[in-house]
1. Two-decimal Rg/Rh of the range 150-217 from alpha-carbon positions, Kirkwood Rh?
2. Taking the Cα centre of the chain as origin and charging only Cβ (+1 Lys, Arg; -1 Asp, Glu), how large is the dipole, in debye to the nearest 20?
3. If N is the number of residues in the range 39-108, what value comes out of its Cα radius of gyration divided by 2.2 N^0.38 Å?
4. Pairs to check: 157/246; 171/262; 73/246; 2/106. Give those whose C-alpha atoms are more than 26 Å from each other in this structure.
5. Would any residue of the range 256-278 have its amide N under 15 Å from a label point 7 Å out along Cα→Cβ of residue 106? List them or say none.
6. Please give the FRET efficiency for residue 86 paired with residue 123, using the beta carbon to beta carbon distance and R0 = 30 Å, rounded to the nearest 0.05.
7. Please give the Cα centre distance for the range 232-254 versus the range 181-222, rounded to the nearest Å.
8. Kindly state, as a whole number, the per residue volume in cubic angstrom of the convex hull around the alpha carbon atoms of the range 1-139.
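The values are calculated or read from the model by the stated rules, or taken from the named source; none is laboratory data. Fair warning: this is a prediction, and the values are worked out from it, not measured in the lab. Neighbour counts are summed over all protein chains in view; Cβ atoms, including those assigned to glycine, are modelled from backbone coordinates with ideal geometry. Note: accessible area is taken over every heavy atom of the protein model, side chains too, but ligands, DNA and RNA are not part of it. Shrake-Rupley method; radii C 1.70, N 1.55, O 1.52, S 1.80 Å.
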Amino acid sequence: MKIIAESSSTRTEWALVDGTEIVEHAFTTGLNPFFQTRREISHAVRLELPEAFFRRRWDHVYFYGAGCSSKEKNKIMESSLVAQFKTPVTVQSDLLGAARGLLVRKPGLACILGTGSNSCLYDGSEIVKTVSPLGFILGDEGSGAYLGKTFIADMLKDLAPASLSRAFYEKYAVTPNMLMDEVYTNPLPSRTLSRYSAFLAEHIGEKYVYDLIYDAFMRFFTRNIWAYPYKENPICFVGSTCVLFKDILLKAAADYGAEIAKITRYSMPGLIEYHSED
């Protein structure tokens with residue numbers, strides 16, 4: 001049996017599997033070696049996972065995570081997981097996890113639209129081309145953090161509709177100064193910004209909100225998808241944001257001249273299928 005984990009900056013999905021059968025399934029907070037130390041990661045894993053995941057040594061742990069894009073960061077994650085599971089561990093990027101989860105062993109374009117955003121060209125086994133996402137400050141177009149950042153900035157500059165701003169401040173009981181502190185002093189600001197995208201979903205009928213989300217998705221296509229042979233490959237999306245705003249994403253894709261083959265919340269079913277042959 002093996003453990004397969006897929007982590008964004010917001011949440012981590014864990015599956016203890018025997019072949020293609022899920023024996024145990026759980027969610028914990030997101031794990032990201034860019035923002036968390038080895039000790040913090042180990043602490044979260046041990047305290048948040050059910051005891052069933054620690055009953056014995058397993059055959060292997062496959063971990064796909066945000067921030068796992070360099071040998072240095074992967075080593076932090078690997079060391080943390082080996083210390084907890086006493087089992088061989090392979091750490092890969094969340095983007096490769098998305099590609100394998102979306103396409104399994106078929107080639108195509110895999111895209112993440114969740115707390116952050118990312119994209120790649122996948123050959124059925126490995127990533128062969130990618131455009132740097134640049135993170136929520138310089139990039140992450142179309143992501144939950146990008147939507148939250150755009151909306152919060154508009155509110156603080158009095159560019160968002162006054163009625164929408166009032167509804168926001170009433171719902172979350174915050175002030176402009178509290179928002180600034182929340183963004184600039186929080187160790188995980190992208191997670192903070194992304195959670196406000198749910199407020200936009202509640203007001204999707206307002207033109208300002210629709211246009212904000214549509215423009216963000218169009219920026220994802222024009223700044224990322226343009227670099228790939230997107231007319232020759234299936235385009236698949238995974239993540240909370242692409243599911244939450246599925247209809248607008250489909251509209252933006254059609255206007256851009258791209259055809260989306262799949263939109264799903266989770267990549268775990270495909271990852272289980274992919275690793276069933278290991």
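1. Result: Rg/Rh = 0.94.
2. Taking the Cα centre of the chain as origin, the dipole is about 440 debye.
3. 1.19
4. Among 157/246; 171/262; 73/246; 2/106, the Cα-Cα distance tops 26 Å for 157/246; 171/262; 73/246.
5. So the set is 259-264, 270-271, 273-274.
6. 0.35
7. Here the answer is 16 Å between Cα centres.
8. Measuring per residue, one finds 102 Å³ for the Cα hull of the range 1-139.
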